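The values are calculated or read from the model by the stated rules, or taken from the named source; none is laboratory data. Just so we're clear, the structure is a prediction, and the values are computed from it rather than from any experiment. Note: ideal-geometry Cβ built from the backbone for every residue, glycine included; neighbour counts use all protein chains shown. Protein only, heavy atoms only, side chains kept; ligands, DNA and RNA dropped before computing areas. Shrake-Rupley method; radii C 1.70, N 1.55, O 1.52, S 1.80 Å.
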Amino acid sequence: MRVMRAAVCRAYGEPESVRIEEIPVPDLGPGQVRVAVRAAAVNFSDVLVVADRYQASAPTPFVPGSEFAGVVREVADGVAGVREGDRVVGTGFVGAFAEEAVVDAAAVTPVPDGVGDQDAAAFGVAHRTAYHVLRSTARLRPDENLVVLGAGGGVGLAAVQIGAVLGAAVTAVASTEEKLKVAASYGARELIVHRDADLRAALRERLPSGADVVVDPVGGDLSEPALRSLRWGGRFVTVGYASGVIPRIPLNLVLLKGMHVLGFQFRDFAARAADEYHRNEEELRGLLAEGRVRPHIQAVYAFDDAAAALRHVADGRAIGKIVLRL
């Protein structure tokens with residue numbers, strides 16, 4: 001029996017519950033590919049899955065991790081478009097924090113020439129989420145005012161960068177000056193430390209005519225003041241709840257301003273809006289290949305330190321992306 005090293009969660013809990021073990025390699029099923037993982041990104045959703053606080057549960061024991069980059073080592077019979085030796089980036093609910101990952105062939109895409117493994121792994125979920133949100137859900141237009149909450153996190157910082165590339169005037173909201181300094185380097189024009197200010201008043205001061213779009217991957221106490229900052233007919237997109245609190249929104253605000261409150265969930269969007277999904281994916285790969293967008297990698301951890309990498313993210317210290325090196 002062939003084995004591999006993997007980060008394993010055997011009981012829900014804190015990041016430290018994840019241990020490096022030797023386990024059997026996963027079987028290759030119909031329509032799947034086996035990838036030798038070279039780098040894996042660590043996301044806040046991984047922390048929530050380990051704690052069993054995510055919207056869906058992973059039965060224990062499981063291998064955490066939702067995005068990786070590596071080299072295809074095996075392809076199931078009948079799979080077209082993917083070959084052994086291809087460099088790919090892949091996504092899945094779990095399974096990325098291991099020497100090998102087995103996923104459906106549809107879950108991997110080629111890594112553009114000139115893009116390294118760590119950048120490819122870090123780019124996947126955050127930038128793809130941000131691009132689909134801005135391009136298709138919010139339908140962001142050039143010169144619109146975009147407010148991004150959680151602008152220091154993976155999705156938030158990606159939304160700042162992509163919003164600027166799409167021609168919007170970006171207001172970044174984050175918890176520290178350090179995070180906002182990074183957001184400014186990726187194109188944010190207005191910067192707000194929400195811990196130091198009344199967010200509603202600060203947004204009114206910076207955007208007296210109101211915001212056109214708010215992207216919210218945080219939830220909690222930030223959502224309502226950001227919603228109130230919208231102009232008549234503005235769009236509010238909820239992407240996740242990194243704060244751990246799902247906000248309660250007074251619907252009279254939506255009525256009075258004719259707002260559009262929208263949601264984005266990756267798996268459903270890919271399945272239900274396939275044409276837009278594939279168009280966006282192609283456009284985003286082009287931006288990456290041209291160097292117009294890139295992930296901000298704050299720290300790279302050795303694979304043996306997977307629990308420490310999860311702790312870094314869990315404690316809210318991450319700016320951009322954290323990556324495991326295999």
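Within the stretch 17-73, the set of residues being among the hydroxyl-bearing types (Ser, Thr, Tyr) and in contact with a Ser or Thr (Cβ under 7 Å, 6 or more places away or on another chain) comprises 45, 54, 66. Does the stretch 178-197 contain at least one residue that is of a type in the set (A, V, I, L, M) and modelled with pLDDT under 95? Looking for residues that are of a type in the set (A, V, I, L, M) and modelled with pLDDT under 95, one finds at least one in the stretch 178-197, hence yes. For the stretch 260-313, a residue qualifies if it is acidic (Asp, Glu) and open to solvent by less than 20 Å² (accessible area, probe 1.4 Å), and exactly one does: 281. When residue 184 is tested against (1) of a type in the set (Gly, Ala, Ser); (2) under 30 Å from residue 56 (Cα atoms); (3) part of a helix (DSSP H, G or I), only condition (2) is not met.
Scanning the stretch 13-22 turns up at least one residue that is in a helix (DSSP H, G or I), buried (at least 22 other Cβ atoms within 10 Å of the Cβ) and touching a helix residue (DSSP H, G or I) at 6+ places or on another chain (Cβ under 9 Å).
Filtered by the rule that a residue be more than 18 Å from the chain's Cα centre (by Cα), open to solvent by less than 10 Å² (accessible area, probe 1.4 Å) and closer than 21 Å to residue 135 by Cβ, the stretch 205-232 gives 211, 213, 226, 230. One residue alone among 213, 237 is farther than 24 Å from residue 177 by Cα, in contact with a Leu (Cβ under 7 Å, 6 or more places away or on another chain) and among the β-branched types (Val, Ile, Thr), and that residue is 237. Screening the candidates 190, 177, 99 for the property of being under 30 Å from residue 57 (Cβ atoms), surrounded by fewer than 21 Cβ atoms within 10 Å (Cβ to Cβ) and not aliphatic (A, V, I, L, M) yields one hit, 99.
Within the stretch 268-283, residues that are farther than 22 Å from residue 93 by Cβ have Cβ atoms under 9 Å from residues that are in a helix (DSSP H, G or I) in these pairs: 276/132; 276/135; 276/136; 276/269; 279/135; 279/136; 283/131; 283/135, counting only partners at least 6 apart in sequence or on another chain.
Selection over the stretch 142-154 of residues that are surrounded by 23 or more Cβ atoms within 10 Å (Cβ to Cβ), modelled with pLDDT of 95 or more and either among the acidic types (Asp, Glu) or assigned to a helix (DSSP H, G or I) (or both) gives a count of 0. Looking only at the stretch 44-59, which residues are more than 19 Å from residue 125 (Cβ to Cβ) and crowded, with 17+ Cβ neighbours inside 10 Å? Selection gives nothing. Of the residues that make up the stretch 49-66, is at least one at pLDDT 95 or above, of a type in the set (A, V, I, L, M), part of a loop (DSSP other than H, G, I, E, B) and under 22 Å from residue 118 (Cβ atoms)? Yes, that holds for at least one residue. If we scan the stretch 31-43, do we find a residue that is surrounded by fewer than 16 Cβ atoms within 10 Å (Cβ to Cβ), within 30 Å of residue 314 (Cβ to Cβ), modelled with pLDDT of 95 or more and not aliphatic (A, V, I, L, M)? No - not one qualifying residue is present in the stretch 31-43.
Here the condition is being open to solvent by 30 Å² or more (accessible area, probe 1.4 Å), without any contact (Cβ under 8 Å) to a residue 60 or more places away in the chain and not β-branched (Val, Ile, Thr); of 87, 139, 135, it holds for 87 alone.
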